[in-house]
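To keep things clear, I will list the structure first and then write my remarks on it.
The values are calculated or read from the model by the stated rules, or taken from the named source; none is laboratory data. Note that the coordinates shown come from a computational prediction; the quantities given were computed from them, not determined experimentally. Don't worry about glycine lacking a Cβ; one is built from the backbone with ideal geometry, like all the others, and counts go over all protein chains shown.
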Amino acid sequence: MSRWIRHFGLLLGLAATAAFVVYAARTLHGQDLSRYLSLRAIGGIVLAAASYALIIPISALAWRLLLQDMGVGRRWGELGTIMGVTQLAKYIPGNVGQHIGRAAMSLGRGIPLRPYSISVVSEAVLAVIAAILTGTAGCGLSAPSMGLLLAHHGPLALPALLVAACALALGLMLARRVLPALLHRFASKRHGGDARGTLPGNRVLAAALLAYVLNYLVFGTGITAMTLLLLPGQPSQWLLLTGGFALAWVIGFFAPGAPAGLGVREGLMLALLQFSYSPPDALLIVIAMRLATTAGDILCFLAGSAALLLSGRTIGVRAATRLTGDHHET
């Protein structure tokens, strides 16, 4: 069954990518793209890529808090290195490579299986909740979306939106009652088959949630700066761009076969931006955003690999120094 799901996800990702390419070719046909190839536009993409790369150190901090609350102490830099080195593997369909690589590096560095599994599952749940909260708030409070809400759903639209966001926050506080059932198989026999005592506390879960919300806010700021540099004269749409990316990330996350959500996220972003930008401008924003995220992933991989290489050399130098000292003592 799982194999059929992966095959369906892969076909879905390929279909979404093909549809996006066809739409892009038709929309940009006959358009003068020379003005988008300026140093200003390239600088905007670089700036967005740098803001996207900050996701790794912020997420590593959240991961450290989750592990630490379960009795597993690890340095922030070490966890950031693991996440950075395995970042590019998510472009393998289904993100299988990233999960396998991260698990292998974590277990190889002495992180026990149960805390690792619980922290990763908690991370996924919290990241989805953070994306829904950020996306709902950002898109709902942006001027174009607010106008559509009031026009189609009346003045009660915003209160209903806020109630939905509060319900999601309440769901976070109840996570300790839900997650044990999902993580039952990771519990040890000494806990009587109950994973309740192994889960992070509500304060740590809330702190991690804030970290994941911060991820979307930081990258949303980078996308906004990129858009202002790519399309001079356009009004700033920080709320819409931030919320749109957060919702697009959720859709891509649940597309099991699309490498890094390729095609799926772009389609949703286009649908959200069409009310504020012309089709060519919206398309260029989406393409530039994909270039920025890919460049950011490469930057994270290079930084993680450099840190891994540097840590290996440091360990080698310390070992050599220790052996040399022992030799002189004899």
Failed item in (1) at pLDDT below 90; (2) touching a helix residue (DSSP H, G or I) at 6+ places or on another chain (Cβ under 6 Å); (3) within 23 Å of A62 (Cα to Cα), with A206 passing the rest: (2)
Filter pass, A307 being farther than 22 Å from G220 by Cβ, at pLDDT 85 or above, of a type outside the set (D, E, K, R) and surrounded by 16 or more Cβ atoms within 10 Å (Cβ to Cβ): yes
